[in-house]
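The next block holds one structure in the form of structure tokens; read it before the comments.
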Amino acid sequence: MKKTALITGASSGIGLELARIHAAIGGDLILVARSTEKLNELKIDLEAKYKIVAAVITKDLTAPNAAQKLYDEVKSLDIEVDYLINNAGFGGIGKFLERKLEEDVSMILLNVIALTQLTHLFTNDFVKKGNGKVLNVSSTASLIPGPLQATYYATKAFVTSFSNALSEELRGTGVTMTNLMPGATDTDFGKVSGMDRTKLFDNLTSAEHVAQEGYDAMLSGDIDVISGLTFSQKILMKLMPFMPKNMVLKQIREMQEVTK
Ligand SMILES: NC(=O)c1ccc[n+]([C@@H]2O[C@H](COP(=O)([O-])OP(=O)(O)OC[C@H]3O[C@@H](n4cnc5c(N)ncnc54)[C@H](OP(=O)(O)O)[C@@H]3O)[C@@H](O)[C@H]2O)c1
């Protein structure tokens, strides 16, 4: 049966690729982000290519009550959502005390608050009907503390912990929650966060690859999926829990120094 996916941050990067993947198998879409023009271009392209229906909802998810307003708009359009994909998010490099506090608060509002509110609103509906899937886009940053991106890493630690806990609470309801943890991925994220000027962004994975792995894991109802780490990063992630904390913090800091 045709499924409808609501994707936040569908105007670029991983969210846009998730929209393409879902449309390519005949799924309808609700595309959410701030850039109306980009969303409309995507809508026209996907509807023409795949004979699907895509609704565009322009929303700044950091605005007061944005999640509730988005939920109400979806209800007023009388669209039943089957998959909720909480993908919108951004990061920002620099020492916490030297960064603009409003930017970090905005990051928390998007990466944490909007994701939590949308999850509460839509997942309650999924549980009532006994089916539905949630894909939360976290990050490999969620697994470690991130000096020089302290707030971003902490927001993603929240996403991973929250998603994993809910995946257990939802067991037996017919609803699944999957947590996607991408490594450095080739999207606008690098430029927006300033991470494109660090060593960590020397090796990038394509957004298509990350989106496909995330989407497949969501369909399988997996708890977690890590996507796009290099071989040496995979080894480092495995070793980190056994390394002294100060050594880990130093290593992450070095990887996040602006060098270009
Ligand atoms: N790229 C990476 O290396 C990487 C690694 C790990 C995790 N991630 C995570 O992957 C997710 C997607 O990021 P991406 O890499 O695809 O970056 P991206 O290309 O910059 O996409 C971010 C998306 O979020 C939307 N967005 C930003 N602020 C918003 C707001 N206030 N309200 C509504 N939508 C907003 C953007 O659309 P508008 O600007 O049109 O609003 C855009 O569609 C994020 O959660 C990010 O943290 C990325």
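Things worth noting here:
- Interchain or long-range residues, amide H under 5 Å from residue 148's placed H: 96
- Note, ³J(HN,Hα) from phi for segment 61-78, Karplus 6.51, -1.76, 1.60, rounded to Hz, x at Gly and Pro: 6, 8, 6, x, 6, 4, 5, 4, 5, 4, 4, 5, 5, 4, 4, 5, 7, 6
- Amide H to amide H, with H built 1.01 Å from N, residue 177 comes under 5 Å of 134, counting only residues 5 or more places away or on other chains.
- Student exercise, the chain dipole from Lys, Arg, Asp, Glu Cβ charges, in Debye to nearest 20: 460
- Residue-wise HN-Hα couplings along segment 214-228, as the Karplus relation 6.51 cos²θ - 1.76 cosθ + 1.60 with θ = phi - 60° gives them from phi, are x, 5, 4, 5, 4, 4, 7, x, 5, 6, 9, 9, 9, 9, x Hz; Gly and Pro carry x.
- Relative contact order, percent, the chain [alpha-carbon distance under 8 Å, six or more residues apart]: 18
- Under Karplus coefficients 6.51, -1.76 and 1.60, residue-wise ³J(HN,Hα) of segment 170-177 in Hz, glycine/proline x: 8, 4, x, 8, x, 10, 10, 10
- In the chain, taking the dipole from charged Cβ atoms about the Cα centre, the farthest positive-side position among 126, 218, 36 is held by 218.
- Taking the convex hull of Cα positions in segment 99-254, its mean projected area over all directions (nm²): 9.7
- Stokes-Einstein diffusion coefficient of segment 78-146, Kirkwood radius over Cα pairs, 10 °C, 1.306 mPa s, in µm²/s: 114
- Calculated from the alpha-carbon coordinates, the chain shows an Rg and a Dmax of 17.9, 54 Å respectively.
No value in this document is a laboratory result; all are computed from the given coordinates. Since this is a predicted model, take the numbers as computed values, not measurements. All Cβ positions, glycine included, derive from the backbone under ideal geometry; neighbour counts span all protein chains shown.
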